[in-house]
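First up is the structure itself, then whatever we jot down about it.
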Amino acid sequence: MKRTRTCGKSRDVRVPGALGSCSPQRARPRGWAGHLGLRKGKLTLLCDAKTDGSFLVHHFLSFYLKANCKVCFVALVQSFSHYNIVGQKLGVSLTAARERGQLAVLEGLRSAVDVFFRPREQLHPLQFLREASAGDLQPLYAFVRDALEPVDGGEDAWRCPVLLVDDLSVLLSLGVGPVAVLDFVHYCRATVCREWKGNIVALVHDSGDAEDEESDVLLNGLSHQSHLILRAEGLATGFCKDVHGQLRILWRRPLQPTAHRDRSLTYQYKIQDKSVSFFAKGMSPAVL
């Protein structure tokens, strides 16, 4: 809950959670964080355009770990130590979560090297790097399935399985086609969301280049499959030390009539050391 001022009066505005510092108790009542914490079987798309949207990844990673969910984290951008350092600022230890079996991590930077130093018959999640045509993501899907598959006859220690990917655009840079990436997401949705009633959160980059057809195909395909879209955008006016960007929040309800299908909100934000402050457009504390 943030307090803003309008026409000389202050009012309470329900903002979409305190990103990066959201705990299961705070996220439960309302807002999109509470919405995700209560409803399962959803795909959340994170998108960044002309800015860095990694703060959204860190928020969801810490949020689901605090919510006692089993998390499979496909980290293709940064090292595990980087995510762990940020996670400690947000109140979670990725190392401890991995040791107790709550977190399974595919560290892309390290795995991209390891895949070339093992026998070809031993499949690797990033096996497509060794193939002539990089289009087969079945080993990556098998890694996700094995990491999140419920244990038969065991005690349900975790609330629900969660797949977090940072970020899918890297697969395009590695030579995988957008159709293959969409197929991978489709299979993960069928298994994680529909069969196991879990959630998927994936980051994708919007290059803004009209000639980048592969990026457009991936972004549009994921947007049609998503239940919630969080789009972080840079300011059109350029850099500002008090406002780092704006976040567009789009709830998609494909089963509703057209007039009530989608609902959207836009907030501006400022990234701080251990949290993110949100406020209505033009309501930054620096200008009030």
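The values are calculated or read from the model by the stated rules, or taken from the named source; none is laboratory data. Just so you know, these numbers come straight off a predicted model, no measurement behind them. Don't worry about glycine lacking a Cβ; one is built from the backbone with ideal geometry, like all the others, and counts go over all protein chains shown. What goes into the accessible areas is simple: the full protein's heavy atoms, side chains included, and nothing from ligands, DNA or RNA. Shrake-Rupley method; radii C 1.70, N 1.55, O 1.52, S 1.80 Å.
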- Mean-position separation - Cα centroids, the stretch 235-255 and the stretch 163-210, in angstrom: 21 Å
- Message: Could you compute how much accessible surface residue 244 exposes when probed at 1.4 Å, giving the result in Å² to the nearest 10?
- Response: 60 Å²
- Solvent-free Debye scattering, log10 I(q)/I(0), computed from the Cα coordinates of the stretch 38-108 at q = 0.17, 0.20, 0.27 Å⁻¹: -0.64, -0.88, -1.46
- Query: Two-decimal Rg/Rh of the stretch 106-214 from alpha-carbon positions, Kirkwood Rh?
  - Reply: 1.00
- Query: Listed here are the pairs 50/281; 70/197; 42/281; which of them are more than 24 Å apart at the Cα?
  - Reply: 42/281
- Task: Compute the Kirkwood hydrodynamic radius of the stretch 42-160, taking the inverse of the mean of 1/r over all pairs of distinct Cα atoms, and give it in Å to one decimal.
- Result: 15.9 Å
- Quick one: give the max-minus-min coordinate of the C-alpha atoms of the stretch 157-246 along each principal axis, largest first, in Å. 45, 32, 22
- Query: When only DSSP loop residues count, what chymotrypsin sites (Phe, Trp or Tyr not before Pro) in the stretch 159-253 have their Cβ near at most 16 other Cβ atoms within 10 Å?
  - Reply: 239
- Item | Whole-number D in µm² s⁻¹ for the stretch 97-139, Kirkwood Cα-pair radius fed into Stokes-Einstein, 10 °C, 1.306 mPa s | 137 µm²/s
- Query: Taking a quarter of the surface of the Cα convex hull of the stretch 188-240, what do you get in nm²?
  - Reply: 5.0 nm²
